[in-house]
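Q: Before we start, here is the structure in question, set down as structure tokens.
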Amino acid sequence: MIRINENFLSMEKNYLFIDIAKRLRAYTDEHPDKPLIRMGIGDVTLPLAPCAVDAMKRAADEMGVKETFRGYEDSGAGYEFLREAVAGYYRQLGTDISPNEIRINDGAKSDCGNITDIFDKDNVVLMTDPVYPVYADSNKMSGRRIIYADSNEENGFAAMPDENIRADIIYLCSPNNPTGSVYTTAQLEKWVDYAIENGAVLIYDSAYEAFITDQQIPRSIYCVRNARRCAIEMCSLSKTAGFTGVRCGYTVIPHELTARASDGSEIRISDLWARRQGSKFNGVSYPVQRAAEAVFTPEGQRQIHENIAYYQRNARLIADTLNRLGISFTGGENSPYIWLKCPDGMDSWEFFDYLLNEIQVVGTPGAGFGKNGNDRFRLTSFNSYENTAEAMERLISLYTKRRNVSGH
Ligand code: PLP
């Protein structure tokens, strides 16, 4: 008789977005005359850059002609033209990555989850709380022990390593989803030192690197000394170039990154990953890889930065409003996310209902990302400027009314 993977039974149900949808449906059924402003979505809202659309169309045409048709891509790592383009991008970020240290994928989420395949089940996994749920879920599915480093008000929602705790696999995300916080070079040096001392691997998610505006904040873990010895980086075109519906990302594993097998032999992590991907992944479509290549051209970069600037303007407006209202938050700068403190001891679901009922603004309750999110709320800048401005006007009125009522 078939036996199921019982690790799934011990996982909490994935209720966050289902619960949100249910509450929104109930509200709109009851109040059809009150339109909602959705500030909870983590999906982009602006259309693809024209250069990516053109490249995809050209590639689709090539696929319809016998002489230029392409089937499986031979290496499975992604076309060289795209890996070269990504390597060129890394040079602009200030670090040297060889095209053959890069593998193209269908978005960072798959690799964030699948990378667990190449590590033993008995590794101890360390991640921050709050956390992007994929890291936790994929390790729970394979029955690994997870320990959490608290990201909280005291450390600016940027947890740092604790020398008394041992870990083998460490997940970091900067700019962070959901907290919007970013790690400085000095902070990342501490994480890299900690990983090397523990013989651990760092899995660094840089899906939001393009939102970093502060020149002092590293946009790749490889801008940090010694990171090549311990870090895997995962990045994506989803948020930087609006590829959430196109699907393309890349994972970097430097050749220096090795681990010892139980017989003492030294094994390259990139070889294990190539073996894993070779068995279970047949690559990203040719038109999508051509679209991604177009994003890395100077014109492509110009076009995607127009969209990013649009979201950044929204983020600034939210941040300015929260500052004006004296609401404590992280993010908004170097990040499309704003992570704010719920008022007057409300928990994140109470605040969700409060904003929904009072001003019809929808965000994401922080509790969905971990215990340190119980009194926090995530707003995103992936919206129109008009909606963002309207939501902020409503927030100002609401807080002004509250203060008038409470007398301060
Ligand atoms: N990493 C983080 C932190 C994210 O927030 C997301 C998406 O929201 C992803 C990775 C995955 O993005 P994708 O699979 O679309 O590349």
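The values are calculated or read from the model by the stated rules, or taken from the named source; none is laboratory data. Values in this document were obtained by computation on a predicted structure and should not be read as measured data. Glycine also receives a Cβ, built like all others from the backbone with ideal geometry; neighbour counts cover every protein chain displayed. Note: accessible area is taken over every heavy atom of the protein model, side chains too, but ligands, DNA and RNA are not part of it. Shrake-Rupley method; radii C 1.70, N 1.55, O 1.52, S 1.80 Å.
Q: So Pro343 clears everything in (1) in a loop (DSSP other than H, G, I, E, B); (2) under 25 Å from Glu12 (Cα atoms) except one condition, right? Which one?
A: The number of the failed condition is (2).
Q: How many residues, within segment 24-45, are over 21 Å from Ala319 (Cα atoms) and in a loop (DSSP other than H, G, I, E, B)?
A: Total satisfying the criteria: 5.
Q: Could you say whether any residue in segment 322-335 is surrounded by fewer than 17 Cβ atoms within 10 Å (Cβ to Cβ), assigned by TED's automatic domain parsing to the domain that holds Ala207 and among the polar types (S, T, N, Q)?
A: The answer is no, given that none of the residues of segment 322-335 is surrounded by fewer than 17 Cβ atoms within 10 Å (Cβ to Cβ), assigned by TED's automatic domain parsing to the domain that holds Ala207 and among the polar types (S, T, N, Q).
Q: Mind listing whichever residues of segment 256-274 are assigned to a helix (DSSP H, G or I) and touching a residue at least 40 places away in the same chain (Cβ under 8 Å)?
A: Kept after step one, since they are assigned to a helix (DSSP H, G or I), are these residues of segment 256-274: 269-274.
Matches in segment 256-274: Ile269, Ser270, Leu272, Trp273, Ala274.
Q: On to the next question. Could you list, in sequence order, all residues of segment 197-208 that are in contact with a helix residue (DSSP H, G or I) (Cβ under 6 Å, 6 or more places away or on another chain) and within 13 Å of the ligand (Cβ to nearest atom)?
A: Tyr204, Ala207
Q: For a quick check of your reading: which strands (runs of 3 or more DSSP E) sit entirely within segment 57-153 and have at least 3 residues that are open to solvent by 10 Å² or more (accessible area, probe 1.4 Å)?
A: Here the list reads 124-129, 145-150.
Q: Moving on. So, in segment 209-222, of the ones that are within 16 Å of the ligand (Cβ to nearest atom) and among the charged types (D, E, K, R), which residue ends up least open to solvent (accessible area, probe 1.4 Å)?
A: Glu209
Q: Right, something else. May I ask you to list the residues in segment 223-281 that are basic (Lys, Arg), open to solvent by 40 Å² or more (accessible area, probe 1.4 Å) and within 15 Å of the ligand (Cβ to nearest atom)?
A: So the first thing to find is which residues in segment 223-281 are basic (Lys, Arg), and the list is 225, 228-229, 239, 247, 260, 268, 275-276, 280.
In the following step, the residues that additionally are open to solvent by 40 Å² or more (accessible area, probe 1.4 Å) were identified as 225, 228-229, 247, 260, 268, 275, 280.
Correct list: Arg247 only.
Q: Can you tell me how many residues in segment 103-144 are among the aliphatic types (A, V, I, L, M) and more than 15 Å from the ligand (Cβ to nearest atom)?
A: 5
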